[in-house]
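These notes concern the structure reproduced below.
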Amino acid sequence: MIYFDNSATTKPLDACVETYAKVATNYFANPSSLHGYGAKVSELHEQARLLVAGMLGTLPEEIIFTSGGTESNNMAIKGVAGFYRNRGQHVITTAIEHPSVQNTMHSLEAQGFEITRLPVDAAGVVSVEDLKSALREDTILVSVMHVNNEVGSVQPIQAIADVLKARPQTFFHVDYVQGLTKVTLDVAGVDLVSISGHKIHGLNGTGVLIKKKHVSLMPLLDGGGQEFGLRNGTENTAGVVAFAKALRIGLEEQKAHVANLEAIRDYLLDALGNIPEVSIHTDKNQAAPHICCFSVVGHRGEILVHALEKYEIYVSTTSACSSRAKLASSTLKAMRVTDEEAVGAIRVSLSYQNTMAEAERFMEAIQEIIKNLNEVVK
């Protein structure tokens, strides 16, 4: 099997599964309990928080453990909107955000907020000048993803942070789900950062929201006051400890193997570019090293996905969170890709576990598939 759908989810590392099982078996007490056993679990939970904070370059009290990227995005955006709505009701985002951000923005619009969605260029990158023009006195939040989940485009986060530095009334949220362990992000100038565990070979149901100390949030849920009163509910200590391990290993892999990951991505883009029927949507000069998006003109994406499946090669049609809708990718449409190409888009997403040999086998398969499909069409 060749698994090239790592932006949808990754295979949990054996070390993370073993850590989860060990903690869940031996430290299953509620960390909020007053007895000594609960205190041991609480101590383990806080040790994980300390480790994660150190690896992410922030303070332990700025780490909120969540169930993943969707919850972190909702917590950041709705939390700021709810707490600061008397300050202003204008929010800026982009036209290519993940559905967990897009649909959260729709929810805010239903509550009376005004949302400005910045356009992107042909490479899927927003303009800092467009952002400057969109800012208003009542802008309370800017939410921009770091790495696009469909085409891999990397946004100018540092430049945006520099613009917002002089605007303490406007908070900056970054969805870092796809970039973590692939493209380094300096969180110093960002107020809120969303992270997911299952994208870095951790477990489903784990994630983090970095919330800087100067930011206040309205909680999504009321409860017992866990996670500084912002993420109420019994803590998932086993998942948290497994996440810390996945993060440590992922950052080590990035340091040692990111060049190899980029080499595989570049090979795929170059080889695909030599096929006349293929249209490439990922600009490798402005993209993360693990995502490759392309279309086979004249053929729908889901046909190609199922054809590759027969070779035991697994890819996706753009975002897994919206692929079942069989609609043209909103990201590609924002990049002004034609409808014909957009509905035929395929995303190949790599991890550090993938090899060049797998990429070569993929190219053999996709060329055979295109040849067979063209013969059927004729």
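The values are calculated or read from the model by the stated rules, or taken from the named source; none is laboratory data. All values reported here derive from a predicted model rather than from experimental measurement. We place every Cβ from the backbone using ideal geometry, glycine too, and count neighbours over all the protein chains shown. Accessible surface is based on the protein model in full, side chains and every heavy atom, while ligands, DNA and RNA are left aside. Shrake-Rupley method; radii C 1.70, N 1.55, O 1.52, S 1.80 Å.
Laid out as a table, the results:
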quantity	calculated
Every residue from segment 292-307 that is within 16 Å of residue 276 (Cα to Cα) and β-branched (Val, Ile, Thr)	296, 297
Cβ-Cβ under 6 Å pairs, at least 6 apart or on other chains, segment 346-367 side over 18 Å from residue 303 (Cβ atoms), far side open to solvent by 40 Å² or more (accessible area, probe 1.4 Å) and charged (D, E, K, R)	352/253
Residues (over 23 Å from residue 249 (Cβ atoms) and in contact with a strand residue (DSSP E or B) (Cβ under 9 Å, 6 or more places away or on another chain)) located in segment 353-368	361, 362, 365, 366
Output for segment 1-36, where each listed residue is part of a loop (DSSP other than H, G, I, E, B) and of a type in the set (Lys, Arg)	11
Residue identified as under 19 Å from residue 196 (Cβ atoms), open to solvent by 50 Å² or more (accessible area, probe 1.4 Å), touching a residue at least 24 places away in the same chain (Cβ under 8 Å) and in contact with a helix residue (DSSP H, G or I) (Cβ under 9 Å, 6 or more places away or on another chain) among 111, 102	102
Among the residues listed as 163, 174, 183, the single one being of a type in the set (Val, Ile, Thr), in contact with a Leu (Cβ under 9 Å, 6 or more places away or on another chain) and surrounded by fewer than 23 Cβ atoms within 10 Å (Cβ to Cβ)	163
Selected residue (criterion: farthest from residue 106 (Cα to Cα)) from residues of segment 43-88 that are open to solvent by 40 Å² or more (accessible area, probe 1.4 Å) and over 23 Å from the mean Cα position of the chain (by Cα)	43
Among residues of segment 206-226, those that are out of contact with any Asp or Glu (no Cβ under 7 Å at 6 or more places or on another chain) and either open to solvent by less than 10 Å² (accessible area, probe 1.4 Å) or charged (D, E, K, R) (or both), counted	4
Filter result for the condition that a residue is open to solvent by 20 Å² or more (accessible area, probe 1.4 Å), out of contact with any His (no Cβ under 6 Å at 6 or more places or on another chain) and over 27 Å from residue 185 (Cβ atoms), over 3, 27	27
Selected residue (only one of 317, 338, 282, 331 is within 21 Å of the chain's Cα centre (by Cα), open to solvent by 20 Å² or more (accessible area, probe 1.4 Å) and under 23 Å from residue 102 (Cα atoms))	317
